[in-house]
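Structure, as structure tokens:
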Amino acid sequence: MVKLKMAIKRISETFPDTRVEILTFLERREEYSNVFTYIFHPENPIVFTSGEYGHIRITTLPENVRQAREFSFASAPQDSQFWFGVDVSSESDYQQHLSKLQRGDTVELFKVRSHMTWPPIVPEVVMIAGGVGVTPFRSMLRDARARSLKLSTTLIHVARSEFLYREELDTLSDEYISTERGGFSDELKNVMQKKPNAHYYIAGSPDFVTVIQTELEEKGIIRIESDIFKGLHE
């Protein structure tokens, strides 16, 4: 506990406008190969907006190792637990310590930020996710359902074979399209033709986001926001 308080003090001194929150680890749920949902309980109520991400610091890591990473919330603000969808295929020091968390262990959450604004100013939404990039869209769609937002939502989820949160997202969105990479281009073109005035959100790897955003812009689509997933490789 003393080490935890000292770590919080260091973060507060480094980022004076940053509030540090404590999350208690509850469960590591395997979704499919190398992809897990990490579930935490907040020590205090934490206000955030769906679509946002936060920095999670593991205090057991050595000080000479990068101790914090960015994670998008998979849970909605109305949920009592915090969910984070994580690809743990790397063998970084951070990933290894993350995988060793035991129920009751604590981590620090700080610098909650946003790459994407929510809800949009138009009633039609298209979400495009690459793999685990679908994580923030679960948060946003759960929030939309909880608040009865008047939105028409389409989610295109492209992955190699497994689709994170597939069954739930199919019920939360008005149109859910799961596709492997071979069929993705046709699905995207079809949606762009039908919904040129929608608000588009993209989440995935840097290359995925760049390619999709360029294609949307070339088709004259102007309402675009994105969230790049950096991974746990460092």
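The values are calculated or read from the model by the stated rules, or taken from the named source; none is laboratory data. All values derive from a computational prediction rather than experimental measurement. Ideal geometry is used to build each Cβ from the backbone, glycine not excepted, and the neighbour counts take in all protein chains shown.
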Inset, instruction - Examine the range 206-218 for a residue that is free of Cβ contacts under 8 Å to residues at least 60 places away in the same chain and touching a Phe, Trp or Tyr at 6+ places or on another chain (Cβ under 7 Å), and state whether such a residue exists. - result: yes
Inset, instruction - Find the residue count for the range 221-234, including only residues that are out of contact with any strand residue (DSSP E or B) (no Cβ under 7 Å at 6 or more places or on another chain) and either at pLDDT 95 or above or of a type in the set (Val, Ile, Thr) (or both). - result: 2
Legend entry - Filter result for Arg147 (over 18 Å from the mean Cα position of the chain (by Cα) and at pLDDT 95 or above): yes
Inset, instruction - Report the residue count in the range 197-234 for those that are surrounded by 15 or more Cβ atoms within 10 Å (Cβ to Cβ) and not in a helix (DSSP H, G or I). - result: 18
Inset, instruction - Evaluate the range 151-158: report whether one residue or more is within 14 Å of the chain's Cα centre (by Cα) and hydrophobic (A, V, I, L, M, F, W, C). - result: no
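Looking at the range 163-187 only, could you name the residues that are loosely packed, with under 14 Cβ neighbours inside 10 Å and either modelled with pLDDT of 95 or more or touching a Lys or Arg at 6+ places or on another chain (Cβ under 9 Å) (or both)?
Glu167, Glu168, Thr171, Asp174, Glu180, Arg181, Asp186
Here's the yes/no breakdown for (1) farther than 25 Å from Tyr201 by Cα; (2) out of contact with any Lys or Arg (no Cβ under 7 Å at 6 or more places or on another chain):
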| site | (1), (2) |
| --- | --- |
| Val35 | no, yes |
| Glu43 | yes, yes |
| Glu52 | no, no |
| Arg57 | yes, yes |
| Glu63 | yes, yes |
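Val126 - would you say it is modelled with pLDDT of 95 or more, under 19 Å from Val47 (Cα atoms), part of a strand (DSSP E or B) and not aromatic (Phe, Trp, Tyr)?
no
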Inset, instruction - Output the residues belonging to the range 176-190 that are of a type outside the set (Asp, Glu), in a helix (DSSP H, G or I) and in contact with a strand residue (DSSP E or B) (Cβ under 8 Å, 6 or more places away or on another chain). - result: Arg181, Phe184, Leu188
Inset, instruction - Count, please, the residues in the range 7-50 that happen to be modelled with pLDDT under 95, small (Gly, Ala, Ser) and out of contact with any strand residue (DSSP E or B) (no Cβ under 8 Å at 6 or more places or on another chain). - result: 2
Legend entry - Which numbered condition Ser152 fails, given (1) at pLDDT 95 or above; (2) under 29 Å from Thr210 (Cα atoms); (3) surrounded by 17 or more Cβ atoms within 10 Å (Cβ to Cβ): (3)
Inset, instruction - Evaluate the range 96-112: report whether one residue or more is in contact with a His (Cβ under 7 Å, 6 or more places away or on another chain), more than 23 Å from Glu21 (Cα to Cα) and not aromatic (Phe, Trp, Tyr). - result: no
Legend entry - Filter result for Tyr201 (touching a His at 6+ places or on another chain (Cβ under 9 Å) and hydroxyl-bearing (Ser, Thr, Tyr)): no
Legend entry - Members of the range 116-140 that are surrounded by fewer than 18 Cβ atoms within 10 Å (Cβ to Cβ) and under 17 Å from the mean Cα position of the chain (by Cα): Thr117
